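Just so you know, all these numbers are worked out from the coordinates, no wet-lab data involved. This structure is a prediction, so every number in the text was calculated from the model and none was measured. Neighbour counts are summed over all protein chains in view; Cβ atoms, including those assigned to glycine, are modelled from backbone coordinates with ideal geometry.
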Amino acid sequence: MAAIRRAKPHHPKATRALSTIIPLADVDQDLVEALLDAAFEPARHRRTAYKVREGMEWLPGLSFAALDADDLLAGTIQCWPVALTDPAGRAHPMIMVGPVAVLPAQQGLGYGKALMTAALTAIDPRAPLPQVMIGDPDYYGRFFGFSNAHTAGWQLPGPFEPHRLLCRTDNPLVLPQQGTLGPWRR
């Protein structure tokens, strides 16, 4: 089972990390929680993103872990079933991407990009649901096609910076112009 590497000094971006991507379900969940605490601090549970996916289980087929060259846990990504509920009460299912978490000592080595690529590639191209996330629009737009162009009328169950609410979809016409993002309760 993968273990978390304790932070040690390194030279950022001096070399690209060698990694292995495995299903997140194959990693001890205590290690995942420790990595998330290291990447985002224990107060992460108060963030709005946690309210959006509250009560939901992450999607095993879209959630992954990155192991470094020594097979130690370096990063994780989780994807979640969520929905944008429009003003008429209709729920539009989506996939919430994130958190993308990399140990601080391992950041800048490509683990985050590898995890994002694994998760987005795993989405079934025959019926892809829109993907949504809270993140840096420049980074996630440039590398993965996320945009805030269609999210201006969307609300979240807590405070957020509207320009950081991002969506990625092949057909933006399916997106409601207004709605509230929350757990997908079928």
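Things worth noting here:
- Largest-first principal axis extents of the Cα set of the chain (Å): 51, 32, 30
- Take the Cα of residue 43, step 7 Å toward its Cβ, do the same at residue 171, and the gap between the two points is 4.3 nm.
- Note on 53, 185: ascending count of other Cβ atoms within 10 Å places them as 185, 53, the fewest first.
- Here the sum of -39500 (n - 2.57) over DSSP H runs of 4 or more residues, divided by the residues of the chain, equals -5500 deg cm²/dmol at 222 nm, to the nearest 500.
- Using the Cβ-Cβ distance between residue 33 and residue 70 with R0 = 25 Å, the FRET efficiency computed as 1/(1 + (r/R0)^6) comes to roughly 0.75.
- When 173, 115 are arranged by Cβ crowding within 10 Å, least crowded first, meaning fewest neighbours, the order is 173, 115.
- For the range 29-186, the antiparallel share of DSSP beta bridges with both residues in that region comes to about 85%.
- At most 12 other Cβ within 10 Å, DSSP loop - trypsin sites (Lys or Arg not before Pro), the range 84-129: 90, 126
- Residue-span extension gain [residue 57 to residue 180] - 0.36 nm each, minus C-alpha spacing: 42.3 nm
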